[in-house]
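Working notes for the structure below.
The values are calculated or read from the model by the stated rules, or taken from the named source; none is laboratory data. Just so you know, these numbers come straight off a predicted model, no measurement behind them. Cβ sites come from the backbone with ideal geometry, for glycine too, and all protein chains shown count toward neighbours.
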Amino acid sequence: MQVIKPVGREAAARKYDILSALLAHGLAGDQNLQRLVLRLISLITTRYNWQRNDLSIGQKEIARLWCVDERTVKRDMARLRALGWITVKRQGARGRVSVLALDLDRILLDTRPAWTNIGSDYVTRMSGQTDPEPAANVVPFRRSESEDMPGAWGTMRAMLRAEDQALFDAWFAPLTDAGQEHGILHLAAPSRFHATYVRTHLMGRLTIAARRSGTDVQAVRLIP
């Protein structure tokens, strides 16, 4: 999975682009989403280290910043983790707060439908930033023309295809349902290399697709 790092000469512009994507997404949603996005942006602008991808702040400090109680903080931070926008980089221990990270790739994928509200120039610029770099010596698979598949994997496939058709054709379409057991969906890859690449670079997208599928899939495992 490609991670956009807003560093270098264009760092300031990229930071504004990411914040703009979040704002457009929030404004296009209901008041609950707007509040959640505003709270996330407040964490980004006050405590987020763009260069290291670190967000280190305790629940008491977040509650004070958001002007809410810690129970609300726990609820909304759980929502942000469920969306895949925030991940735990290092678990807190011995009085130290957890170090969190932002999945900027996931944020941009989720906010993409609202980009047109900003303008066509923004869409063009951001599409160039978020297109994954093709792996060397990899020939993309042809798009599957079959109808949507039933079951959890069928639902997840539809979501992944809608997010990024080219990426889906190359890496997700060749995966086949190898059965489900104890909440774990097993997917068979056409080769060991294919399984390794998906496991290393794209497992986050599979995990979030499973979480959002509305099925009883709790985890995904790849079989070479």
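Before moving on, here are some points about what is shown:
- Residues within segment 210-224 that are of a type in the set (G, A, S) and surrounded by 19 or more Cβ atoms within 10 Å (Cβ to Cβ), tallied: 2
- Within segment 20-32, the set of residues being in contact with a helix residue (DSSP H, G or I) (Cβ under 6 Å, 6 or more places away or on another chain) and part of a helix (DSSP H, G or I) comprises A21, L22, A24, H25, G26.
- A Cβ distance below 8 Å, combined with a sequence gap of six or more or placement on separate chains, defines the contacts here; from segment 116-128, residues that are over 16 Å from H25 (Cα atoms) reach residues that are among the acidic types (D, E) in the pairs R125/D17.
- Any hit, segment 189-198, residues being under 26 Å from S127 (Cα atoms), modelled with pLDDT of 90 or more and touching a helix residue (DSSP H, G or I) at 6+ places or on another chain (Cβ under 9 Å): no
- Residues that are surrounded by 14 or more Cβ atoms within 10 Å (Cβ to Cβ), outside any helix (DSSP H, G or I) and not polar (S, T, N, Q) within segment 93-124 comprise V97, V99, L100, A101, L102, D103, I118, listed in sequence order.
- Matching option when the condition is of a type in the set (A, V, I, L, M) and either surrounded by 15 or more Cβ atoms within 10 Å (Cβ to Cβ) or assigned by TED's automatic domain parsing to the domain that holds M203 (or both), among L27, L40: L40
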